[in-house]
Amino acid sequence: MSRIARTVAALLVFIVSVFPVYWMVLTAFKPTKDIQSATPTFLPASITFEHFGTAVAAQGFFSFWRNSLLVAGGAVLLALLVALLAAFAVARLQWKGRRGFILMVFIAQMTPWEALLIPIYVIARDTGMLDTLWMLTLVYFMITLPFTIVTLRGFLAAIPADLEEAAQVDGCSRGQAFRRVVFPLLAPGLLATSLFGFITAWNEFAFANVLIIKDQDDRTLPVWLSSFNNTFGTDWGATMAASTLFMLPVLLIFLVLQGRVTTGIVGGAVKG
């Protein structure tokens with residue numbers, strides 16, 4: 001009975017989690033008359049690709065895709081570079097203020113970033129960086145950095161330091177030992193942290209909506225999704241089709257890297 005209860009509970013959690021995604025994809029393929037029907041249908045009576053055509057033909061579709069890829073990709077690369085050095089210093093070196101640094105990283109990780117929206121807007125305005133993708137990239141870098149440091153720190157702590165020491169005995173410098181021995185073992189952790197950092201930057205809406213005001217060509221996909229309006233209100237079919245297309249890149253990357261990502265998550269949680 002206990003096993004059955006756990007299975008039923010897991011199934012309910014799965015249904016509650018997946019149903020909004022299913023409803024989004026279903027709505028994207030429904031004809032407009034079925035979407036506006038007062039009686040909801042949970043299986044499609046007919047399928048149309050009209051809404052996807054509307055989404056792809058929308059002004060700036062490919063430009064906004066490019067903007068999102070540049071901003072999210074740039075933020076993740078910067079976060080990986082800085083976090084890798086910080087995580088190595090925390091996990092391998094002993095220095096004064098190490099515990100305080102770790103504590104500050106955890107505090108930054110727990111901080112609701114929406115609380116910094118106004119201060120960051122003021123800084124961007126005063127430095128002339130409003131309406132620039134550079135500012136948005138730096139903000140996403142700041143958001144993803146604490147999580148990346150925490151995860152990579154745990155993963156580095158799980159790799160025995162004896163491996164580096166053995167490589168140094170064989171004639172490698174500390175940098176060579178890290179590059180040739182430790183770095184290949186970090187691949188699952190790097191993939192896991194980069195994927196979750198990319199998802200965070202890819203889906204972020206508030207900062208993109210506030211920091212990009214005048215130059216609409218620099219908008220990102222989450223902001224662009226709010227633009228499907230017509231004389232009758234929101235075009236829900238086109239909005240759901242655009243949301244489905246918006247979800248596909250991250251979903252495909254996750255499916256391809258699923259095994260390594262799972263290993264990275266477990267490895268990063270082994271030691272703190």
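The values are calculated or read from the model by the stated rules, or taken from the named source; none is laboratory data. None of the values given here were measured: they were computed from a predicted structure. All Cβ positions, even for glycine, are placed from backbone atoms using ideal geometry, and neighbour counts span all protein chains on display. Heavy atoms of the whole protein, side chains included, go into the accessibility calculation; ligands, DNA and RNA do not. Shrake-Rupley method; radii C 1.70, N 1.55, O 1.52, S 1.80 Å.
Couplings 3J(HN,Hα) of segment 75-91, computed from phi: 5, 5, 4, 4, 5, 5, 5, 5, 5, 5, 5, 5, 5, 5, 5, 6, 7 Hz, in residue order, whole Hz [Karplus 6.51 cos²θ - 1.76 cosθ + 1.60, θ = phi - 60°; x for Gly and Pro].
If the elastic network links every pair of Cα atoms under 10 Å, which of SER68, SER37, SER226 fluctuates the most in the Gaussian network model of the chain? Result for the chain, Cα springs under 10 Å: SER37 fluctuates most. Alpha-carbon geometry of segment 96-157: the Rg and the Dmax are 14.1, 41 Å, given in that order.
Can you sort TRP65, TRP236, TRP134 by solvent-accessible area, 1.4 Å probe, largest first?
Details: TRP65 50, TRP236 140, TRP134 185 Å².
Reading off the accessible areas and sorting them downward yields TRP134, TRP236, TRP65.
Solvent exposure of the chain amounts to 57 Å² per residue of accessible area, where only protein heavy atoms count and the probe is 1.4 Å.
Summing charges over all other residues whose Cβ lies under 13 Å from the Cβ of PRO44, with Lys and Arg as +1 and Asp and Glu as -1, gives +1.
Suppose a student asked you for the relative contact order of segment 25-176, using Cα pairs under 8 Å spaced at least 6 residues apart; what percent would you report?
Relative contact order here is 29 percent.
A viscosity of 1.002 mPa s and a temperature of 20 °C, combined with the Kirkwood radius over C-alpha pairs in the Stokes-Einstein formula, give segment 1-113 a diffusion coefficient of 108 µm²/s. Accessible surface comparison of TYR22, TYR140, probe 1.4 Å, protein chains only, largest first: the order is TYR22, TYR140. The fraction of accessible area contributed by carbon and sulfur in the chain is 70 percent, rounded to a whole number (1.4 Å probe; ligands and nucleic acids excluded).
Projected onto planes of every orientation and averaged, the convex hull of the alpha-carbon atoms in segment 151-261 covers 10.3 nm². Sequence-ordered 3J(HN,Hα) estimates for segment 48-54 from the Karplus curve with 6.51, -1.76 and 1.60 and θ = phi - 60° stand at 9, 9, 4, 5, 5, x, 5 Hz, glycine and proline given as x.
Exposed loop sites here mean trypsin sites (Lys or Arg not before Pro) with a DSSP loop assignment and at most 16 other beta-carbon atoms within 10 Å; the chain contains its longest site-free run at 97-213. Counting every alpha-carbon pair across the chain, the share separated by more than 22 Å comes to 67%. Each principal axis of the Cα cloud of segment 53-122 was taken in turn, and the coordinate range along them, longest first, works out to 58, 27, 20 Å. Converting the Cα gyration tensor eigenvalues of segment 157-214 into ellipsoid dimensions via √(5λ) gives semi-axes, longest first, of 40, 12, 7 Å.
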